[in-house]
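Written out below as structure tokens is the structure these notes cover.
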Amino acid sequence: MKFAVLVAILAEELEEKAIDSAKQAGAGGVTILDGRGIGTKEKKTFFGLTYEGSQSVLIFVLEKKLSVTVLKKLTKDLDLTAHSKGVVFTIPLEHIAGIDVGQIERFEERIKDEI
């Protein structure tokens, strides 16, 4: 079974919507990190203080085919092609240990259903 890491770096206000959307597409658990970024636009200042919007980094470990499904759903549901409020990408996994056995069983069932 092949796995991939799906990473979504999004504006913090999209975090819950992204998690709900990913779960609807079949994703299980997610690791959430806080992030900051530097974009190409000039930063907003208020009385000399710089405001940088908060970002959420969502990390999913998924079966390879499912990762593409989740990526497409996130792109559509969060309208990422029209608004630059985030980026979603996948990275192939070569080796993995410690993944939840229940998640592997769900992947196996999904594959059996497709066959």
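Restricting the range 73-86 to residues that are touching a residue at least 12 places away in the same chain (Cβ under 8 Å) and assigned to a helix (DSSP H, G or I), the residue that is nearest to the chain's Cα centre (by Cα) is Leu74.
With surrounded by fewer than 15 Cβ atoms within 10 Å (Cβ to Cβ) and modelled with pLDDT of 95 or more as the only criterion, which of Asp79, Asp34, Asp20 stands out?
Working: Asp79 fails: modelled with pLDDT of 95 or more; Asp34 fails: modelled with pLDDT of 95 or more.
After applying the criteria, what remains is Asp20.
Scanning the range 1-17 for residues that are buried (at least 17 other Cβ atoms within 10 Å of the Cβ) and under 15 Å from Thr69 (Cβ atoms) returns Phe3, Ala4, Leu6, Ala8.
Note on the range 52-72: residues that are among the charged types (D, E, K, R), outside any helix (DSSP H, G or I) and surrounded by fewer than 16 Cβ atoms within 10 Å (Cβ to Cβ) total 1.
The values are calculated or read from the model by the stated rules, or taken from the named source; none is laboratory data. Since this is a predicted model, take the numbers as computed values, not measurements. Here the Cβ is made from the backbone with ideal geometry for all residues, glycine too, and neighbour counts use every protein chain on show.
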